[in-house]
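Here's the structure, in structure tokens; my notes come after.
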Amino acid sequence: MRGETDTTKEMKTESEAIILIGLQATGKSEFYKRNFADTHVRINLDMLKTRNRERILVDACIAAKQSFVVDNTNPAKTDRARYIDKAKESGFRIIGYYFRSSLSEASSRNAARPIKHQVPRPAIAGTHAKLELPSLEEGFDELYYVYIGDNGVFVTEVNNDEI
């Protein structure tokens, strides 16, 4: 900008819409807590309970240019499109994290959760049946694979092509 010195320029950061994708019990919420809790609003249907509340919060984040993370299973392209299209139109950078896990691995991790946090096995199987692998052509600017490695460490791999 004209007339500004380096000391008066505001650092401009691009707003991000991060979409987590994967079966229940694959570490999505923990990944959010470890990586984005201090910088991005968490949008989670388990907490918000209705799509209307979710839409209101997404719209508020977009209007405020506030980075956010959608911490749902988002198994189908149509599930992801509801966030990608709105955020993309408003200039957000769209980043996807696909949590690789087999149905049996997710079910085992789910069984190890405290009872009140367990998801019914048919729900996990239902999500698995709807799962469509994400691709850059959906509107993602970046896509990553995520899996849980040794000692619960998240391993993230860049994927610049279709996952």
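The values are calculated or read from the model by the stated rules, or taken from the named source; none is laboratory data. Keep in mind the model is a prediction, meaning the values are calculated, not measured. We place every Cβ from the backbone using ideal geometry, glycine too, and count neighbours over all the protein chains shown.
For the stretch 90-103: of the residues being modelled with pLDDT of 95 or more and not hydrophobic (A, V, I, L, M, F, W, C), which is surrounded by the most Cβ atoms within 10 Å (Cβ to Cβ)?
Gly96
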Close pairs (8 angstrom Cβ cut-off, 6 or more residues apart or separate chains): within 16 Å of Lys86 (Cβ to Cβ) in the stretch 41-63, among the β-branched types (Val, Ile, Thr) and assigned to a helix (DSSP H, G or I) anywhere = Ile43/Val58
Count of residues meeting criterion [part of a strand (DSSP E or B) and not basic (Lys, Arg)] in the stretch 72-110 = 6
query = Taking the stretch 127-158 as the region of interest, how many residues are within 26 Å of Lys86 (Cβ to Cβ) and touching a Pro at 6+ places or on another chain (Cβ under 9 Å)?
reply = 6
